[in-house]
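For reference, the structure discussed in these notes is given below.
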Amino acid sequence: MKLFNKKRILSSLIFTLSTNQYFKTTKAEVVYHTDKIEDGTILHAFSWSFNTIKEKLLDIKNSGYTAVQTSAVQRCIIHDNGNKYFGNWQYAYQPISQEVGNYIVGSEEEFKSLCSTAKKYGIKIIADVVLNHMTPDINNCEGDWKDPKWYHGSISLKDFDDRYAVTQGNLVGLKDLKTQDPEYQERALKLLQKLLNDGASGFRYDAAKHIELPDDYNYGGNFWPFITKNNNAEFQYGELLQGTTSRDEDYAKYLKVTASNYGYQVRKSISNNNLDTGDIGDYQIRVNPSKLITWVESHDNYSNEGEESVGFSDEQIKFGWALIASRKSTTPLFFSRPLGGGGKHSQFPNKSFLGDEGDPLYKDETISSINFFRNAMVGENEFLRNPYTNGHKDVKILMIERGNKGIVIINLHEKEITLQSETHLAPGEYENQNIDSHHINDNNKNIFKVSNDGKIQGILKGRSVTILYKNDTSKPKISIEGYSMDKEISFKTNSITLNLMAFHVSKATYSINNGKEIEYVHGNSIKIGENSFYGDKIKINLKGIGEDKNEVIEKEYIFLKKDPNSVIKVYFQKSNSWGTNIHSYIYRRSGITLKQWPGEKMKHIKDNIYMVTFDDELEGALVIFNDNNNNQSPGVGENGFKIINDGLFDIDVYFEKPNEWNSNNINAYIYYKNEQGIVTEEKRWPGLSMLKMKEENSKKIYSISINSKYNKGMIIFNDGRHQSPGGGQDGFIIKANGLYNINGSVIKEIGQWPGTEMKKLNNNNNNNNIYYIEFDKEYNGAYIIFNNGNKQIPSPGKPGFIIYNDGLYNMNGFSEKYNDGEGEENDLPSSPSTNNNNIVTIYYYTPWSKVNIHYQIGSERWTSTPGIMMSSYINGYKKIIIDLKNATTLTFVFNNNENIWDNNHGKNYYINTPGNYIVKDGKISSGSV
């Protein structure tokens, strides 16, 4: 592959309707937000910066939210030198002072600017504050927050059924503040008053149940009555994760609280396709609903180690949001996930960083339509109903009626359903207000009729949310049927047909890959992908102009054409003690499995290595290897390994347990750091459980098999109380088949020095002294030492030579690229020449973990695909230095090492002057990072 120069026809217009008009209804005013926060909806802009929220305020307004909740606003501990990998979100919740601003959300001045701008849009800001604790080591705090007088001491919180420990103990090691102290309460109030003066409208109190109530025996305090009654905020709620000691009713005397159990019930009901009103009607908390915050998922459900809600899909979130936000009394909170995270994908897929905008689901058509419905229903009572189908209660359909004014209907049936039910809705005809659940080719199916005797009739689309009320809004709506905007949507067919939708517009247009705008009407279809290559991205932009010609809306959709034959391959190297009937049990946390236990039988490749292939959509799922007998890896009760394409789970590590350690709880905490310092861990502390082996010479040996990507990683052995190496130290370097003792010494190694035997090259050059070795390309740029078991080069004590693909070495190191006549030469990593005036340095901003640059210097040949791997730099940038030699121009494109390309929309990137350049969002600018 070289570049994409050819002009290609990417779509054809297919007229599927005879109409030449846009879909219109009568006009009325849009209710963008409610007067009170509690009557509307809140967007939880999880780990967005203040500036990012400010930049997206128009989108937030147009999606119908009344308020936005920030992440924790106080000065916090800076972890990993300020690395903004999304897995570091929790450090915002480790304050070091009560000043406003941190490296994730931004400065106090930026907070003021956000609040000021938000008011112009009618949006209110809720600040997340942490008043229960500080960072674990108070020596890292600022000013007199280092003084032990502010803290409860070293009370351990191990039992969440112990109310004293819950309120006075150190939550996951975080230093618990002495919240009974009047002096501390005055300081906390000062912070809140500062935030209100900066423009905040309310507060979310982190870890609220961990702060005592006035009547807690012998340790009570008046923190909550003092704080909540003296700050004059419009809206205040506490994070109250329900449990045996949460005292929900008592906290609700002072502030609103979270109905965390209800969120679990919502997810359970939707996962089970059962919306029985008997299950989802009760909020499962003895607190007046007007005092409750509800959610489909919270940042704890999603971001914590248990990944409780990560497997929940976008579709399921829409159903859940339709349920909680359509109801009357509680205040619903929409959690914004990291970009591309969850569902079929991993928790933190590295498509965005801390501070960036979250996944675009928050502004999805269904989500925003529900928000507008809620805003229009303020003051209306609710009635929940499962209609009857063929004389039986249909729990796959839920009707949420608001007085006689409106109704939301959730249909979990896969197929179209004819609805005939009683209703409180006023007689008349109602148009479905949710464009995403429209029947595009038959508008009659979008109209529901209510008779004078209180019967509703209409057709529900399969797996849909229908919204009915006399909104008659003039707000323009544009969409592609069945797809969410701003998401990368893959397809494996040669082409796909897209149905275009347009409502309440005077004009609608679409364009492909920034090409010419083409006018369309509701119901037209376009076909894309016919002349595209595998790996091509196709961008569809829609634009709609309102009927009054004042409002303009735009949407963007990204489609990715994938190879229909692309699959995931996973390899496993079994231990000799295992049987030969090797299986892989593949599943997602959401409960979806590829095949029931013991899973798919793996194919024997060679020696003890086995392989399995499956659809690439399952990358990021989990796998458990087993021999359908008594052996499995990871062990019983452990979560499976995360699936990595072409991953070989072949590293066996052994540990000799000290006598004083717990024999029943030996763990291996496995991790590595990349060049930016980002930590990737196989499982959070204490790690994976190790398997006990037979004792050898009275020695207790434990083993574990791990993925080969950790070959250069580190390992810490522990029993939950002891660890080796000790606290605060980096782990031991992982060595395959190494047997470690408590000091980290590898007392047994297999397959180590002198290394892998090289093969003699047979060629026609009459040179019989050339030997070669082949290994995984990930070692390009690593080091190599040549030896014959006796002599070696480089000499002992010196580092090896840097590895270059197709490199030919002599006694002094790298000599030249070698061409064996079987194809073009592969390229070496570029290094600066002696002509320092003809160097190009490129900084490329991307969420991709691996990036290759495929380039052409002047009129020379292009580099071999996929190109040269760029080095990780800082803040999401990759870097490379290229010597232009005697040329003056450089033409280049990027890819993610998985056949996904950034070729500047087919134009390629081009530089005609040496220097430093930044490539970001498709634009080239001079400068350095």
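The values are calculated or read from the model by the stated rules, or taken from the named source; none is laboratory data. Owing to the predicted nature of the structure, the values given are computational and were not obtained by experimental measurement. When we count neighbours, we look across all protein chains shown, and the Cβ atoms used for this are built from the backbone with ideal geometry, even at glycine. Just so you know, the surface numbers come from the protein's heavy atoms only, side chains and all, with ligands and any DNA or RNA stripped out. Shrake-Rupley method; radii C 1.70, N 1.55, O 1.52, S 1.80 Å.
Things worth noting here:
- With θ taken as phi - 60° and the Karplus curve 6.51 cos²θ - 1.76 cosθ + 1.60 applied, the whole-hertz 3J(HN,Hα) list for segment 319-336 is 4, x, 5, 4, 5, 7, 7, 7, 6, 7, 8, 7, 9, x, 10, 9, 7, 8 Hz, x standing for glycine and proline.
- Net charge over other residues, Cβ less than 12 angstrom from the Cβ of Ser290 (K, R count +1; D, E count -1): +3
- Local electrostatic count at Val166 - Lys and Arg +1, Asp and Glu -1, tallied over other residues with Cβ under 12 Å: -2
- The distance from the alpha carbon centre of segment 910-929 to that of segment 344-373 is 30 Å, rounded to a whole number.
- Per-residue ³J(HN,Hα) for segment 101-107, Karplus 6.51 cos²θ - 1.76 cosθ + 1.60, θ = phi - 60°, Hz, x for Gly and Pro: x, 8, 6, 8, 8, x, 8
- The C-alpha radius of gyration of segment 372-452, expressed as a fraction of 2.2 N^0.38 Å, stands at 1.10.
- The residues of segment 477-561 expose, per residue, 38 Å² of accessible area to a 1.4 Å probe.
- Remark: C-alpha extents of segment 477-561 on the principal axes read 42, 22, 20 Å, sorted largest to smallest.
- Interchain or long-range residues, amide H under 5 Å from Asn665's placed H: none
- Heavy-atom surface analysis with a 1.4 Å probe gives segment 839-926 a carbon and sulfur content of 45 percent of its accessible area.
- Entry note, segment 477-561: relative contact order of 38 percent, from Cα contacts under 8 Å with a spacing of 6+ residues.
- Value of relative contact order over segment 210-298, rounded to a whole percent, pairs C-alpha under 8 Å and six or more apart: 25
- Heavy-atom accessible area ranking, 1.4 Å probe, most first, across Leu412, Leu171, Leu339: Leu339, Leu171, Leu412
- Amide H contacts under 5 Å for Gln236: Phe203, Lys256, restricted to partners 5 or more places along the chain or on a different chain, H placed in the peptide plane at 1.01 Å from N.
- Portion, in percent, of the accessible area of segment 380-469 that falls on carbon or sulfur, probe 1.4 Å: 44
- HN-Hα J in Hz across segment 76-84 - Karplus 6.51, -1.76, 1.60, θ = phi - 60°, x for Gly and Pro: 10, 4, 9, 9, 6, 6, x, 4, 9
- Whole-number D in µm²/s for segment 839-926 (Stokes-Einstein; Kirkwood sum over Cα pairs; 37 °C, 0.692 mPa s): 254
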